[in-house]
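Participant: Take this structure, written in structure tokens, and hold onto it; I'll ask about it next.
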Amino acid sequence: MFLAKYSMPGAVTGIVCWELNLTRECPSARVLMAKHGGEHSINADLYPTHGVGPIANMLNINRGNSFLTLTSHATKSRGLNHYIVNHPEGGPGHPNAKINWALGDVITSTINTANGETIIVTHDTNLPKPYSLDFEIQGTKGLTEFDMHTKRIYVEGTGKHDEWDNMDYWLTKYDHPLWKKYGEYAEGSGHGGMDFFVDHAFVETVKRKALPPLDVYDAAAWSAITPLSERSIAEGNAPQYFPDFTRGKWIKRKPVFALSDDY
């Protein structure tokens, strides 16, 4: 089983579960675009799995949908050198100050899926910035954005026209069965509760001799973003095709992750 863990408070972990449940329970509200900003040598997105994991599940990647192509862009590299030169234990004479860093300060990758959605993944760890998840989900009925300090949503036809609403009502209405069942217990288990859900899913699938909810095909697809982004940047932001690790089986595979309150 493969599951990226999230260093986030329980409230934010719960929102990730909520968004997964919302995308499943509202078939009329189709997701068209999703975004995540990962905030942390090669010139590539070095750590895409942390952010793309929840979005891949919302969009049923490898289970009726797949990543098709990717294009990546990199800014120039200034942040690491600036940090070294201005650090109390660094300075212009420090050996690392002479390194010509390959990694751009911000890497932005755009992924197209087989079902017509767009995913934007950002690697942004070398410039000053408070810890940020920067999740956004947008579709035919509206959009939602959330982070450590932001929980807002806009649903067309509800609330005031063209004004953001607080997410509390929607969080209650579409709270995920797993979070409702185990959330209070899980919060103290690490990573905002995610450690519990990872361990619980692993134990339950082993006990039941069932397939894991996230598997090696998910690991390969999510991790492929790193080498593909490196190649895209090196080739002048050229589109790169994802390998089909499932050899076409993604077309008929069904979603299995977090479908109930079992695991």
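Participant: With the checklist (1) in contact with a Lys or Arg (Cβ under 7 Å, 6 or more places away or on another chain); (2) surrounded by fewer than 18 Cβ atoms within 10 Å (Cβ to Cβ) in hand, flag the one item Met194 doesn't pass.
Facilitator: (2)
Participant: Regarding segment 179-192, can at least one residue be identified that is outside any helix (DSSP H, G or I) and under 22 Å from Pro48 (Cα atoms)?
Facilitator: Scanning segment 179-192 turns up at least one residue that is outside any helix (DSSP H, G or I) and under 22 Å from Pro48 (Cα atoms).
Participant: For segment 77-105, which residues satisfy the criterion of being surrounded by fewer than 19 Cβ atoms within 10 Å (Cβ to Cβ) and β-branched (Val, Ile, Thr)?
Facilitator: Answer for segment 77-105, where residues must be surrounded by fewer than 19 Cβ atoms within 10 Å (Cβ to Cβ) and β-branched (Val, Ile, Thr): Val85, Ile99.
Participant: Against the definition (surrounded by fewer than 18 Cβ atoms within 10 Å (Cβ to Cβ) and not charged (D, E, K, R)), how does Gly188 come out, yes or no?
Facilitator: Judged against the criteria, Gly188 is a match.
Participant: In segment 154-181, what residues are aromatic (Phe, Trp, Tyr) and over 22 Å from the mean Cα position of the chain (by Cα)?
Facilitator: Correct list: Trp164, Tyr169.
Participant: Could you list, in sequence order, all residues of segment 156-176 that are touching a helix residue (DSSP H, G or I) at 6+ places or on another chain (Cβ under 9 Å) and either buried (at least 17 other Cβ atoms within 10 Å of the Cβ) or at pLDDT 95 or above (or both)?
Facilitator: Matches in segment 156-176: Met167, Trp170, Leu171, Tyr174, Asp175, His176.
Participant: Provide a single number: the residues in segment 126-141 that are surrounded by 17 or more Cβ atoms within 10 Å (Cβ to Cβ) and farther than 21 Å from Asn65 by Cβ.
Facilitator: Residues meeting the conditions: 3.
Participant: From the list Gly91, Gly116, Gly104, Gly64, which one is at positive phi, at pLDDT 95 or above and either touching a strand residue (DSSP E or B) at 6+ places or on another chain (Cβ under 9 Å) or of a type in the set (Phe, Trp, Tyr) (or both)?
Facilitator: The unique qualifying residue is Gly116.
Participant: Might you let me know whether segment 210-230 holds any residue that is among the β-branched types (Val, Ile, Thr), over 19 Å from the mean Cα position of the chain (by Cα), surrounded by 17 or more Cβ atoms within 10 Å (Cβ to Cβ) and at pLDDT 90 or above?
Facilitator: The answer is no, given that none of the residues of segment 210-230 is among the β-branched types (Val, Ile, Thr), over 19 Å from the mean Cα position of the chain (by Cα), surrounded by 17 or more Cβ atoms within 10 Å (Cβ to Cβ) and at pLDDT 90 or above.
Participant: Here's another thing I want to ask about it. Looking only at segment 81-98, decide whether some residue is within 25 Å of Trp222 (Cβ to Cβ) and touching a Gly at 6+ places or on another chain (Cβ under 6 Å).
Facilitator: no
The values are calculated or read from the model by the stated rules, or taken from the named source; none is laboratory data. Since we're looking at a predicted model, the values are computed, not measured. Positions of Cβ are generated from backbone atoms using ideal geometry, with glycine treated the same way; all protein chains shown enter the neighbour counts.
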